[in-house]
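For reference, the structure discussed in these notes is given below.
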Amino acid sequence: MAYDKFSVLKSTAVPLPIENVDTDQIIPARFLKATKREGFGDNLFRDWRYNSDDSPKRDFVLNNPIYSGKILVGGKNFGSGSSREHAAWAIYDYGFRAVVSSFFADIFKGNSLNIGILPVTVSPEFLDKIFKAIEADPKTELEINLPNQTISILATGEKESFAINGYKKHNMLNGFDDIDYLQAMKEEIKTFASHSMY
Amino acid sequence: MSKVAGTLFDKVWDAHVIRKIEDGPDVFFIDRHFIHEVTSPVAFLGLQTRGIGVMFPDRTFATADHNTPTINQHLAVKDPLSANQLKALEENCAKYGISHWGLGNPKNGIVHVVGPENGITLPGMTIVCGDSHTSTHGAFGAIAFGIGTSEVEMVLSSQCIMQPKPKKMRITINGKLGKGVVPKDVPLYILSQISASGATGYFIEFAGEVFENMSMEGRMTVCNLSIEMGARGGMIAPDETTFAYLKGKEKSPKGEAWDKALAYWKTLKTDADAVFDMELKFDAADIEPQITYGTNPGLGTGISKKIPLASHVKDGEASYKKSLAYMGFAEDEKIIGKKVDYVFLGSCTNGRIEDFRAFASIVKGRKKADNITAWLVPGSHIVESQIKEEGILDILTAAGFQLRQPGCSACLAMNDDKIPAGKYAVSTSNRNFEGRQGPGARTLLASPLVAAAAAVTGVVTDPRELL
Ligand code: SF4
């Protein structure tokens, strides 16, 4: 699935100060039967977001109109549990382009990068600052600068650097995923295949 | 420059890296791609959305297996979801020109059974499929592993995936297997020693006399279960046994191509001074017929032993107790003599001709126990024909058993072959997870010999007493 290029993202953020948010919460297993990649956003955090009669749960952050934006800020160990790629699809499909946390589960991080969500790992102290800033003012804007690999809280000017591997950074900047990368080297693949003995 | 000594795994891996990405994964070329009805539809949809095609349709092979019924295959598939998936596979294969052995095709069967038996799987290849037991094909000295849906789409569109190279482990077992000890017991024994996560992050090479003396069917059973050890896959160096098995198979190279291939295959060995990231050694004499008692494949032991105390297993105490509670077992109980309700012979682990021969060797001249429901499911139509030709069917029929039609069946219970809640099944498949063989089903993984012994006695029985 092609996704939007990621360079500098300036946006308000949605705070989810919960630790160990697992992929079963992000997208419950019963929504995995679909044969398409669309529509997962509707079921993002389904059981936290809706009562069993499908009425919205008032106190869940996605149902609170004060908070909005393209950045989701989560607690430590975000995306743990089952390796389902659907979790990242749901977050992207809902409209988020970046998730900020002090620690990401490995597979979730890989899945996110591959479908166009930038996982930004910050120090626990900086994460705390972000949560406090949003709590004080829900309109707080964050800026994630991928070329410079920095994240800042615009109101206060506080800034931190984050790490990302060179290959994935290149892909994100260009809106490429692995499939695009491979499509771009088809000639090289063809040549290789023509020498293969099978 | 002198060549650095390499392992079998290095040789095959390195020969398939098209590009090494600095600070990123390897671009890895895939020789053979297997697909089935369950994990392919979303990948095909992805191609459509992007407006791209299948790069090398003749490198992908499709079979229907996961969702298929194992009786009355000539009738329309009743479950609409299954029928839908089967139809999607058929249409996608027709659209992109991929060879498809669907239901009713004489070549149809479980993907990891039909690949090898038709010579599609060859030494030195890289092989992937959207099914974790793709590791089976490693028996031929191929690098074979399971992939996710995005990767299925990658392989269809570019014949490559992006992979960091795993670490290497060698498991060496020398000596001779005792009476009644068959290939399935070897990986179950390893699992009981290293646990279901003992090889996480590694690719295994199985080496030593035990594997050298094993048939191809046996080697497939071993490599099949490498994934249950947490490994990415497992492989065994090709040798005369491998070459003899492949000679004359439908898609094996012929004539000059065969000679050329053979010369290459003979180089596929780990060099004497090659280094592994981890080495484990076991002794064949320590292995007796195995059986699992818990809810992961690492929770198994010798059939004559008792269920271990919590303090003797690597799993945490709480999860171990939960596991035993699910099984309705207790610590320190004997496993022999436990009542069994179902016996399942089949799956890509033990659905080959040798497994049916082993099963028949015990039931011959005996009768199925009245309390047992037995599902005997060949891995493919070719296996099914062999069973008939070799007279095995007559032995089974005389003993009161019936043969079903090929498919994954009760291995994952996606079709109607579900073990009812609370019932005990001695199963020759690969996973004993909670609910794997049906909601509430209790699975004891074991060899075809142990399955046969249970089938004729109605309880867990040491097969050595019946041989
Ligand atoms: S038999 Fe079981 S493990 Fe093998 S391919 Fe089928 S479902 Fe997967």
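Per the Debye formula on identical point scatterers at the alpha carbon atoms of segment B:1-51, with no solvent, log10 I(q)/I(0) at q = 0.12, 0.20, 0.22, 0.31 Å⁻¹ is -0.49, -0.92, -0.98, -1.06. Put simply, chains A and B cover up around 2800 Å² of each other's accessible surface, both sides summed, when a 1.4 Å probe is used.
Taking the Cα centre of segment B:279-433 as origin, work out the dipole magnitude from +1 charges on Lys and Arg Cβ and -1 charges on Asp and Glu Cβ, in debye rounded to 20. Intermediate results must be reported in sequence, preceding the final value.
Values: 20 positive and 19 negative charges, 78 e Å.
So the magnitude is around 380 debye.
Computed from label points 7 Å out along Cα-Cβ, the spacing between A:Glu135 and B:Arg357 is 7.1 nm. Averaging over all projection directions, find the projected area of the Cα convex hull of segment B:302-354 and quote it in nm² with one decimal place. Its Cα hull, projected and averaged over all orientations, spans 5.2 nm². Here segment B:351-456 has an Rg and Dmax of 13.1, 38 Å, counting Cα atoms alone. The Cα trace of the protein assembly as shown gives Rg and Dmax of 26.1, 85 Å, the first to one decimal, the second as a whole number. Each listed q (0.13, 0.14, 0.16, 0.17 Å⁻¹) maps to a log10 I(q)/I(0) for segment B:81-188, found by the Debye formula over equal Cα scatterers with no solvent: -0.66, -0.75, -0.93, -1.02. For the pairs A:Lys70/A:Lys159; A:Lys109/B:Lys321; B:Lys87/B:Lys184, flag any whose C-alpha to C-alpha distance is greater than 30 Å. Where the Cα-Cα span goes over 30 Å, the pairs concerned are A:Lys109/B:Lys321; B:Lys87/B:Lys184. Would you work out which of B:Thr39, B:Ser429, A:Ser52 lies farthest towards the positive end of the dipole of the protein assembly as shown, given +1 charges on the beta-carbon of Lys and Arg and -1 on that of Asp and Glu, about the Cα centre? It is B:Ser429, whose Cα lies furthest towards the positive end. With an 8 Å cut-off on Cα pairs and a minimum separation of 6 or more residues, tell me the relative contact order of segment B:216-373 in percent. Normalised by residue count, the contact order of segment B:216-373 is 19 percent. Taking every protein chain into account, the accessible area of segment B:132-204 amounts to 23 square angstrom per residue (probe 1.4 Å).
Against the globular-protein guess of 2.2 N^0.38 Å, express the Cα radius of gyration of segment B:1-148 as a ratio, rounded to two decimals.
Working: Rg = 17.2 Å, N = 148, 2.2 N^0.38 = 14.7 Å.
Cα-based Rg divided by the globular estimate yields 1.17.
Between B:Ala325 and A:Asn63, the simple spin-label model (points 7 angstrom out along Cα→Cβ) gives 3.2 nm. The alpha carbon centroids of segment B:183-240 and segment B:418-467 are separated by 21 Å. A DSSP coil position with no more than 14 other Cβ atoms inside 10 Å describes the following GluC sites (Glu not before Pro) in segment B:237-277: B:Glu250. Over segment A:1-151, Cα pairs under 8 Å with separation of 6+ residues give a relative contact order of 33 percent.
By how many nm would the segment from A:Asn165 to A:Ser55 grow when fully extended, if each residue of separation counts as 0.36 nm and the alpha-carbon distance is taken off? Let's see the in-between values first.
Working: separation 110, 0.36 × 110 = 39.60 nm, distance 4.17 nm.
This chain segment gains 35.4 nm when fully extended.
Using only side-chain charges placed at the Cβ, +1 for Lys and Arg and -1 for Asp and Glu, the dipole size of the protein assembly as shown relative to its Cα centre rounds to 680 debye. Ordering B:Phe282, B:Ser319, B:Ala374 by Cα displacement along the dipole of segment B:268-405 toward the positive end leaves B:Ala374 in first place; charges were set at the Cβ atoms of Lys, Arg (+1) and Asp, Glu (-1). Here is the P(r) of segment A:154-194: all C-alpha pair distances, binned every 5 Å from 0, give 6, 17, 17, 14, 13, 13, 6, 5, 3, 3, 2, 0 in whole percents.
Just for the protein assembly as shown, what percent of DSSP beta bridges are antiparallel, to the closest 5?
Numbers: 28 of 81 bridges.
For the protein assembly as shown, the DSSP antiparallel bridge percentage is about 35.
With the largest listed first and rounded to whole Å, the semi-axes of the equivalent ellipsoid of segment B:373-417 from the Cα gyration tensor are 20, 13, 5.
Put a plus charge on the Cβ of each Lys and Arg, a minus charge on the Cβ of each Asp and Glu, and nothing anywhere else: the dipole of segment B:343-434 about its Cα centre is then about 220 debye. The phi torsions of segment B:227-241, fed into the Karplus equation with coefficients 6.51, -1.76 and 1.60 and a -60° offset, translate into couplings of 5, 5, 7, x, 6, 5, x, x, 8, 9, 4, x, 8, 4, 4 Hz, rounded to whole numbers, with Gly and Pro shown as x.
In 10 Å bins starting at 0, how do the alpha-carbon pair distances of chain B split up by percent? Calculated over all Cα pairs of chain B, the distribution is 4, 21, 31, 27, 13, 3, 0 percent. Taking the centroid of alpha carbons for each part, segment A:94-124 and segment B:11-42 are 24 Å apart. Cα centroids of segment A:141-198 and segment A:49-91: 25 Å apart. Tell me, what is the percent relative contact order of chain B, built from C-alpha pairs under 8 Å that lie six or more residues apart? Relative CO of chain B lands at 17 percent. Put simply, what bits of segment B:55-79 lose 40 Å² or more of accessible area when the other protein chains are there, versus the chain on its own (1.4 Å probe)? Buried-area filter returns B:Met55, B:Arg59. Give me the percent of DSSP beta bridges within chain B that run antiparallel, rounded to the nearest 5. Beta bridges within chain B, antiparallel portion: roughly 25 percent.
The values are calculated or read from the model by the stated rules, or taken from the named source; none is laboratory data. Worth saying up front: this structure is predicted, and the values here are computed from it rather than measured. Cβ atoms come from the backbone with ideal geometry, glycine included; neighbour counts cover every protein chain shown. These area figures cover heavy atoms from the full protein model, side chains too; ligands, DNA and RNA do not enter into them. Shrake-Rupley method; radii C 1.70, N 1.55, O 1.52, S 1.80 Å.
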